[in-house]
Amino acid sequence: MSLDTPPPSGAITRDEVAHLARLARLAVTDDELDVFAGQLDVILGAVARVGEVAADDIPPTSHAVPLSNVFRPDERRPGLTQEQALSGAPAVEDGRFRVPQILGEEQ
Amino acid sequence: MSTELIRLTAAELAVKIHSREVSAVEVTRAHLDRIAAVDGQVNAFLHVAREAALANAALVDESIAAGTAPASPLAGVPLALKDVFTTMDMPTTCGSRILEGWRPPYDATVTTRLRAAGITILGKTNMDEFAMGSSTEYSAYGPTRNPWDTSRIPGGSGGGSAAALAAFEAPLAIGTDTGGSIRQPAAMTGTVGVKPTYGGVSRYGLVACASSLDQCGPCARTVLDAALLHEVIAGPDPLDSTSIDAPVPAVLEAVRRGADGDLRGLRVGVVRELGGEGYQAGVQSNFEAALRQLEKLGAEVVEVSAPHFQYGLPAYYLILPSEVSSNLARFDAMRYGLRVENGTSAEEVMAATREAGFGPEAKRRIMLGTYALSSGYYDAYYGQAQKVRTLISRDFATAFAQADVLVSPTAPTTAFPIGEKVDDPLAMYLNDLATIPTNLAGTAAMSVPSGLAAEDGLPTGLQIMAPALGEAVMYRVAAAYEAARDAEGGGALIHRVPPMEVSA
C-alpha cells in the first residue's frame with residue numbers, strides 16, 4: 001500500500017531536469033531546478049514500482065473502453081467563424097494569428 | 001424564506017418550481033445571495049454569472065406560467081459548473097493563469113445539455129489547475145476552503161464544486177474525475193459524487209487533463225439528486241468519439257428501487273487491498289459501520305482480492321503525466337490564452353509563457369510525463385504502466401464475478417489542514433489510492449457520505465464501485481445505504497455542517 005520503496009539507481013539530476021524543462025518548453029528558474037530535481041526523484045522512485053510486476057506477456061491497455069473508428073456522413077456543418085477563432089488570440093493581424101519569429105531559432 | 005430554499009434538495013426545489021409554489025427566480029436569487037454571503041470564506045466560485053442565471057430562471061418561470069411542460073425534471077434548479085467546461089458566456093480558466101479571462105468560442109456538450117434542460121448555471125467553480133491535485137490548493141486563484149472547517153481543504157481537484165454543495169451555495173454541481181476528483185471531494189465535504197463509466201458522459205468541451213481517464217459526472221447532496229443530474233448530462237455524443245453509443249443506465253429507476261431498502265440477493269465485495277494500514281481510524285470504523293448497515297439491508301458482504309490495485313497509484317502517476325505533457329502542449333501562447341512577450345523567437349515566448357502561466361503541480365507533471373515518454377525510458381515506465389492497467393482491469397473482472405458491487409473507503413483520511421501536503425507531492429498523491437483503480441479500468445464508482453470520523457468530526461465517504469455501465473446497481477446500493485444511514489444518524493449528514501458566518 002505504501003510507496004516507500006527505494007528510488008531506482010540513477011537519481012535524477014539537476015541537469016536532467018533542465019533538459020526535461022527545455023523539451024517541455026518551460027523556462028524554469030534556478031530555484032525551481034533544485035526543488036523539482038528533488039521532487040521528481042522521489043516521485044520517480046515511487047512510480048518505478050510498476051517494474052515489480054511480471055508483465056512480459058500482458059498486453060498494454062491504452063484505453064479502458066475498446067475504441068473503433070467512427071464514421072459519419074461527410075456533410076458540411078458550421079464551424080467557428082474567423083472572428084470566433086481569433087477571439088482569444090494574444091495578437092492578431094489581417095485576420096490571422098500574429099506570432100513571434102519562428103524561423104531562425106535554435107541556430 | 002430564502003434560507004430555507006437553499007437547504008432543499010434539487011428534487012424538492014424542482015417540485016416547488018414546477019408547481020409554481022416558488023419561482024425559479026426566487027430560488028436562483030436565494031442561492032446568489034448565499035454565494036454573496038459566504039463565498040468570501042469558501043472561495044468555491046471563480047466566476048458568478050448573476051445576470052445570466054436570473055435571466056435563465058425568468059425564462060423557466062415564463063415557460064411554466066405559459067403551461068409548457070418543464071424542459072427536464074431539473075428545469076429551474078441552480079447548478080455550479082466546474083471551471084474546466086467551456087462556456088461561451090463565462091470565462092473558462094481551469095484554475096490556471098494561462099487561461100485567465102479566456103472566453104471560449106463554443107460550449108461543452110455538458111454545458112449545452114444543462115442549458116437545454118433549463119438548469120440555471122450559477123457560475124464556475126474553483127479547481128486544482130487543469131484538474132491536477134487532491135486539495136484545490138493548486139488553483140492559481142487561491143484555495144477553496146472546506147465548509148466543515150474552513151482551515152481545511154475540501155478535497156480536489158473538484159473542491160469548488162463539492163464545497164459549493166456543502167456551503168449550500170448550490171444544490172447541484174458538475175465535476176470531473178480523472179483519478180478521484182469527484183469522489184474524494186465528495187467524501188471530504190459529506191456530499192455525493194459520481195464518476196460514471198468512461199465514455200458515459202461526453203468530454204467534448206471538457207479541457208483535457210488525461211484523455212483516457214477523464215470523466216465528467218454529477219455532484220449533489222443526495223443520491224436522488226445525483227441520479228436526476230446524471231440522466232441530464234449522460235448519453236452518446238457524436239462530438240466525442242469515446243462516448244459510449246448505448247442507452248444511459250436507468251439510474252433514477254434504480255434510486256427509487258434502492259429507496260425501498262431491500263438489498264437481499266445482492267453481493268457486496270470488500271476489496272481487501274483498499275483498507276487497513278494507511279487508513280485513518282475514523283475512516284476505517286465508519287467503513288465497517290457501513291458494511292454492517294449493508295448487511296442489515298439484506299446484502300451479502302464478501303471479501304474479494306485485487307492484488308494489482310497496489311500498483312494502481314504508480315501506474316496512474318506514469319500514465320496521467322504522460323497524457324498531460326501531451327495535452328498541455330496546446331498552451332503555446334499563439335492562439336489563445338496568456339502570452340508573455342519575453343524573447344524574440346516563438347520558442348522563447350512559448351517557454352516564458354508556460355513558465356509564468358503554469359503552477360508547480362502542472363510543471364511537475366508535464367516534466368514527469370516528458371521523462372516517462374522519453375526514448376530509453378518508455379518501455380520501463382509508460383509501457384509497463386499500460387500493462388499494469390490491463391492487470392487492474394482483470395482484477396476488477398475477477399472481483400465482479402464474485403460481487404455485484406465493490407466497496408471501500410473513498411479516501412484514506414478526512415480533510416487535512418490547508419498547507420499540510422502542498423509541498424509534498426507524494427503525500428498528496430496518496431489521497432487517491434482507493435479511487436484511481438476505477439479510472440484505470442474505466443468502470444463506474446461513486447462516493448456517499450458514511451458519517452463523521454470520531455477523532456475529528458469530519459465527514460467520510462463510502463465508495464461503491466460497479467462494472468462498466470453498471471451504474472444502476474451502484475445507485476441502487478447508494479440510495480438504500482443513504483436512507484438507512486440517515487435514519488440511523490437522525491437525518492442527512494449534510495445538515496450537520498456548522499453554520500457559516502454570513503457577511504452582509
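When A:Ala48, A:Ala89, A:Ala54, A:Ala85 are checked against the criterion of being under 23 Å from B:Gly359 (Cα atoms), among the small types (Gly, Ala, Ser) and out of contact with any Cys (no Cβ under 8 Å at 6 or more places or on another chain), A:Ala89 stands alone in meeting it.
Among the residues making up the stretch A:25-56, a single one is at pLDDT 95 or above, surrounded by fewer than 19 Cβ atoms within 10 Å (Cβ to Cβ) and assigned to a loop (DSSP other than H, G, I, E, B): A:Thr29. In the stretch B:339-348, the condition of being touching a helix residue (DSSP H, G or I) at 6+ places or on another chain (Cβ under 7 Å), more than 29 Å from B:Thr438 (Cβ to Cβ) and at the interface with another protein chain (Cβ under 7 Å from one of its Cβ atoms) is met by at least one residue.
Does B:Ala466 count as among the hydrophobic types (A, V, I, L, M, F, W, C) and open to solvent by 10 Å² or more (accessible area, probe 1.4 Å)?
On the way: among the hydrophobic types (A, V, I, L, M, F, W, C): yes; open to solvent by 10 Å² or more (accessible area, probe 1.4 Å): no.
Criteria not met by B:Ala466.
Helices (runs of 4 or more DSSP H) fully within the stretch B:350-458 that include at least 1 residues being without any contact (Cβ under 8 Å) to a residue 12 or more places away in the chain and open to solvent by less than 40 Å² (accessible area, probe 1.4 Å): B:360-372, B:384-402, B:425-429. Across the stretch B:96-114, the number of residues qualifying as of a type in the set (A, V, I, L, M, F, W, C) and under 11 Å from B:Ser202 (Cβ atoms) comes to 2. When the stretch B:324-349 is filtered for residues that are under 26 Å from A:Ala55 (Cα atoms) and surrounded by fewer than 24 Cβ atoms within 10 Å (Cβ to Cβ), the ones remaining, listed by number, are B:Ser325, B:Ser326. Counting the residues of the stretch B:233-251 that are free of Cβ contacts under 8 Å to residues at least 40 places away in the same chain, among the hydrophobic types (A, V, I, L, M, F, W, C) and in contact with a Leu (Cβ under 9 Å, 6 or more places away or on another chain) gives 0.
Among residues belonging to the stretch A:57-80 that are more than 7 Å from chain B (Cβ to nearest Cβ) and closer than 17 Å to B:Ile244 by Cα, point out the one that is most open to solvent (accessible area, probe 1.4 Å).
Narrowing the stretch A:57-80 to residues more than 7 Å from chain B (Cβ to nearest Cβ): A:57, A:66, A:68-69, A:71, A:73-79.
With the extra rule that they be closer than 17 Å to B:Ile244 by Cα, the set shrinks to A:66, A:68-69, A:71.
Numbers: A:Pro66: 121, A:Ser68: 92, A:Asn69: 120, A:Phe71: 174 Å².
My answer is A:Phe71.
Among the residues making up the stretch B:40-58, a single one is open to solvent by less than 20 Å² (accessible area, probe 1.4 Å) and more than 15 Å from B:Ile121 (Cβ to Cβ): B:Val42. Report, by residue number, each residue of the stretch B:233-277 that is farther than 18 Å from B:Gly217 by Cα, within 10 Å of chain A (Cβ to nearest Cβ) and buried (at least 16 other Cβ atoms within 10 Å of the Cβ). Answer for the stretch B:233-277, where residues must be farther than 18 Å from B:Gly217 by Cα, within 10 Å of chain A (Cβ to nearest Cβ) and buried (at least 16 other Cβ atoms within 10 Å of the Cβ): B:Glu273, B:Leu274, B:Gly275. B:Ala210 passes every criterion in (1) open to solvent by less than 30 Å² (accessible area, probe 1.4 Å); (2) within 20 Å of B:Ser181 (Cα to Cα); (3) touching a strand residue (DSSP E or B) at 6+ places or on another chain (Cβ under 8 Å) apart from (3).
Collect the residues in the stretch B:94-117 that are open to solvent by 10 Å² or more (accessible area, probe 1.4 Å) and part of a loop (DSSP other than H, G, I, E, B), keeping them in residue-number order. Talk me through it step by step, then tell me what you get.
If we filter the stretch B:94-117 for residues that are open to solvent by 10 Å² or more (accessible area, probe 1.4 Å), which is where we start, we get B:97, B:100-103, B:105-107, B:109, B:112-113, B:115-116.
Residues satisfying the conditions are B:Glu100, B:Gly101, B:Trp102, B:Arg103, B:Pro105, B:Tyr106, B:Asp107.
The conditions of being under 27 Å from B:Gln463 (Cβ atoms) and not hydroxyl-bearing (Ser, Thr, Tyr) are met by B:Leu391.
Let me confirm something: among B:Ala351, B:Ala362, which residue is at the interface with chain A (Cβ under 7 Å from one of its Cβ atoms), closer than 26 Å to B:Ser157 by Cβ and among the small types (Gly, Ala, Ser)? Give the steps one after another, and end with the answer.
Numbers: B:Ala362 fails: at the interface with chain A (Cβ under 7 Å from one of its Cβ atoms).
Result of the check over B:Ala351, B:Ala362: B:Ala351.
The values are calculated or read from the model by the stated rules, or taken from the named source; none is laboratory data. All values reported here derive from a predicted model rather than from experimental measurement. Backbone-built Cβ (ideal geometry, glycine too); neighbour counts: all protein chains shown. Remember, those area values only see protein heavy atoms, side chains included, never the ligands or the DNA or RNA. Shrake-Rupley method; radii C 1.70, N 1.55, O 1.52, S 1.80 Å.
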